[in-house]
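**Q** Here it is, the structure, as structure tokens.
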Amino acid sequence: MTQGSSIAAGSRVLITGAAGGFGAPTATRLREQGVQVVGLDRVAGDHVIACDITDDAAVERAVAEAVERLGGLDAVVHYAGIGIPNDAGGPLQPDAFAVIDVNLFGAWRVTAAALPALQASRAARGARSRVVFVSSELAYLTLPFVSAYSVAKRGMTAYADALRLEYDTDLHVTTVYPGYVRTPIHDAGREIGLSLEGQVRREEVDDIVGTVLRVLAAPKPPRDTAGTRAGGIELWLGRHLSGLVAPAVVRRIRKRAAAGHFDASPIAAGLIRRFTGRDTTAPTAATATITERSAS
């Protein structure tokens, strides 16, 4: 890695979620800088290896193939994730478990599989390799119906802290916390009337991609960073003043429930009843949609 604004040409980077809203532009910009990039995603593509990151054996095979293609490994960037809304008091299967498995354990599996190659790079170059975890402000700023996602992203933060502690001699580990960014990860929520669009401050794809690129190029990469200055303030408030932030969030959610913002979603029926006393459990088209999606 260089000490300038760009990662060193010839560096070898593995990206998870490489075909997604963040992964694809990150790979493009790295290649423009002369970096070698191989990605992992559910479907194979140009420089992308098909991999189900919830499958231990598949991860071992895919990471080994990536390391072979690259001729080694200097950095891993974790973007892979899914976002399916869930009720915090509802069943773990199928949606909550899937979200935690992909977002948290998927990153853990890939990191563990990549670790020998990252350590070999550190020994050969005399410089620590890098692992970048892309978490979320929702790790600390919790909203309704994203409990599994928040658990996974806060767990990712804890895993990053543990990795940093135990492998400090070999790795630089950074956690990035995006705010709301309009990418396909929000499609599942939008389909059942639980979109975050307009409910939280929006950031742009380039805010996060640019942040990750700066982390990869930094001589001393940060431990934690948001994607924007405003995001950094929100993250600080969520981590250090949660006792003040949480009641304000509850008041806003109560107003939105009373105004009918969640009425189209069957997942929200219990919250609406608890917060407003209204019953919205009559069968709707949205109910059929979520039932069909869960069954599949």
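**Q** If I model a spin label as a point 7 Å beyond the Cα along the Cα-Cβ vector, how far apart are those points for ALA98 and ALA112 in nm?
**A** Simple spin-label model gives 2.3 nm for this pair.
**Q** With charges only on Cβ, +1 for K and R and -1 for D and E, what is the dipole size of the range 39-123 about its Cα centre, in debye, rounded to 20?
**A** 240
**Q** Find how much the distance from GLU60 to ARG31 grows on full extension, using 0.36 nm per residue of separation minus their present alpha carbon separation; answer in nm with one decimal.
**A** Length gained, GLU60 through ARG31: 8.0 nm.
**Q** Between the range 134-149 and the range 77-99, what is the C-alpha centre distance in whole Å?
**A** So the two Cα centres are separated by 11 Å.
**Q** Out of all DSSP beta bridges with both ends in the chain, state the antiparallel percent to the nearest 5.
**A** Here the antiparallel bridges make up roughly 5 percent for the chain.
**Q** Treating only the Cβ of Lys, Arg, Asp and Glu as charged (+1, +1, -1, -1), what charge dipole size does the range 159-275 show about its Cα centre? Round to the nearest 20 debye.
**A** Dipole magnitude for the range 159-275 comes out near 760 debye.
**Q** Now for a separate question. Stretch GLU68-ARG239 to full length: gain in nm at 0.36 nm per residue minus the Cα-Cα span?
**A** 57.5 nm
**Q** Tell me which of SER265, GLY17, ALA117 sits at the most positive position along the dipole axis of the chain, charges placed on C-beta atoms (Lys, Arg +1; Asp, Glu -1).
**A** Checking the options against the dipole of the chain, the answer is SER265.
**Q** Something else now. Do the sum for the chain: with -39,500 (n - 2.57) for every DSSP H run of n ≥ 4, divided by all residues, what is the mean residue ellipticity at 222 nm, to the nearest 500 deg cm²/dmol?
**A** Only helices count here, giving -14500 deg cm²/dmol.
**Q** Okay, moving on. Once you have the Cα-Cα distance between ALA127 and ALA230, take 0.36 nm times their residue separation minus that, and quote the gain in nm to one decimal.
**A** Gain in length upon complete extension: 33.8 nm.
**Q** Now a separate question. If you take the beta carbon distance between ASP206 and ARG278 as r and set R0 to 51 Å, what does 1/(1 + (r/R0)^6) give as a FRET efficiency, to the nearest 0.05?
**A** The value I calculate is 0.80.
**Q** A follow-up question, please. Note down the relative contact order for the chain as a percent, whole number, built from C-alpha pairs under 8 angstrom at least six residues apart.
**A** 17
**Q** For an R0 of 45 angstrom, estimate the FRET efficiency from the Cβ-Cβ distance between ALA120 and VAL250 and round to the nearest 0.05.
**A** Using R0 = 45 Å, I get an efficiency of 0.35.
**Q** Something else about it: For the chain, what size does the Cα cloud have along each of its three principal axes, sorted from largest down, in whole Å?
**A** Largest to smallest, the principal-axis extents are 64, 40, 33 Å.
Values quoted throughout were computed directly from the atomic coordinates according to the rules given, and no laboratory measurement underlies them. As the structure is a computational prediction, the values presented were derived from the model and not from experiment. Cβ coordinates were reconstructed from backbone atoms using ideal geometry, including for glycine residues, and neighbour counts include every protein chain displayed.
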